[in-house]
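Taking it in order: structure first as structure tokens, then the write-up.
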């Protein structure tokens, strides 16, 4: 009986490990990209439990052990770049750069549209005084509250919606070329603007919040994947400072996000610094990194911090960046031929063709 239980556990954990490797875009399959840390812990507990019970009367064949160890190593391979054991992808800022470099700090926060406590977020903003504040799921109520509270942020991009996809940008620094676009879905906006630093350097800022593959949202990940790839294609030829941030409704280690980074040539400020799991803020045992900051090689990281609970199901993120000349930073790996095929397959799917024509 005990052997059967362990075989069932191995089957479930094995399927959960293998399914995300397929190109299937159904929400259930893509949803298994998210809890890799939780699956890793479950696999580890299963292996340790089997080892302890094997000292008694439990006997499992070599095949079982090989399967479980393979699952363990596979999960480790996917998530270890987002551990402190990995080399940082974006170097930290040294003292000289801190003293003389151009600084750009930002808070990005999915506020949860139904959350009616703006005070906590405003207090965090007043304490950290970032240059740019980005909110997602911000509706007309949030716009009214933040417009009144953030008087030190006169430069703004607003798109208040009541469908959980509103977004706002509040900036101390001047903004130029502000745009609200609907890259794929007619009711899911993205925003972009040029942030003008004190030396007139323009930083291209892009804010995205694609619809997730989930019940009640989208039955597949196509729209999310297409939106990220369309944005990546827009960015890939730029040779200027670029920041992409927002709730991507995807984890850093998924195939889609990795492909987005390879196409766009952007770097992940998290890599080598930790996971900084931002969702779900209400359940410590079910958290993964959904809110991201990707940057071009023009930046160094001064600070990265997950902020305290604000009443939302997401934690806000604070990042301080220092601008410098592009250095010899290891860029994301070159695209493989199979990934070129994957891009074309994604952009040519019937769901993508039925979506609104992308506007670049």
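Any read-out appearing in this document is the output of simple, stated calculations on the displayed coordinates, not a laboratory observation. All values reported here derive from a predicted model rather than from experimental measurement. So basically every Cβ, Gly included, is an ideal-geometry build from the backbone, and we count neighbours across all protein chains shown.
Normalising the Debye intensity of the stretch 1-153 to I(0), with uniform scatterers on Cα atoms only, and taking log10 at q = 0.11 Å⁻¹ returns -0.74. Residue-normalised convex hull volume from the C-alpha trace of the stretch 233-317: 99 Å³ per residue.
Evaluated at q = 0.12, 0.13 Å⁻¹, a Debye calculation over the C-alpha positions of the stretch 134-235 (equal weights, vacuum) places log10 I(q)/I(0) at -0.44, -0.51.
Across the stretch 2-82, Cα pairs under 8 Å and at least six residues apart give a relative contact order of 43 percent. Taking all Cα pairs closer than 8 Å and separated by 6 or more residues, the relative contact order of the stretch 95-347 comes to 19 percent. Gyration tensor analysis over the Cα atoms of the stretch 189-233 returns equivalent ellipsoid semi-axes of 31, 10, 5 Å (largest first, whole Å). Centre-to-centre, using Cα atoms only, the stretch 137-192 and the stretch 9-26 are separated by 38 Å. Helix 337-347 and the long axis of the chain differ in direction by around 70°, with both axes built from C-alpha atoms. Subtracting the Cα-Cα distance of residue 178 and residue 141 from their residue separation scaled by 0.36 nm leaves 11.1 nm. In the chain, the longest principal axis of the Cα atoms and the axis of helix 36-53 are about 20 degrees apart. Can you give the percent of C-alpha pairs in the stretch 2-82 whose distance is more than 18 Å? So the pairs more than 18 Å apart make up 42 percent of the total in the stretch 2-82. To the nearest µm²/s, what D does Stokes-Einstein give for the stretch 100-184 at 10 °C and 1.306 mPa s, using the Kirkwood radius over alpha carbon pairs as Rh? Diffusion coefficient, whole number: 120 µm²/s. Which FRET efficiency, nearest 0.05, do residue 198 and residue 70 yield, Cβ-Cβ r, R0 51 Å? For R0 = 51 Å, the calculated efficiency reads 0.45. For residue 94 and residue 45, a Förster radius of 41 Å and the Cβ-Cβ distance give a FRET efficiency of 0.50, rounded to the nearest 0.05. When the square roots of the Cα gyration tensor eigenvalues are ordered a ≥ b ≥ c, the ratio a/c for the stretch 63-140 is 1.5 or more and a/b does not exceed b/c, which makes its shape oblate.
Stretching residue 19 away from residue 62 to a fully extended chain increases their span by 13.2 nm, per 0.36 nm per residue minus the current alpha-carbon distance. Axis angle, to the nearest 10 degrees, between helix 119-128 and the longest C-alpha principal axis of the chain: 70 degrees.
Taking every DSSP helix (H) stretch of at least 4 residues in the chain, weighting each as -39,500 (n - 2.57) and dividing the sum by the residue count yields a mean residue ellipticity at 222 nm of -10500 deg cm²/dmol.
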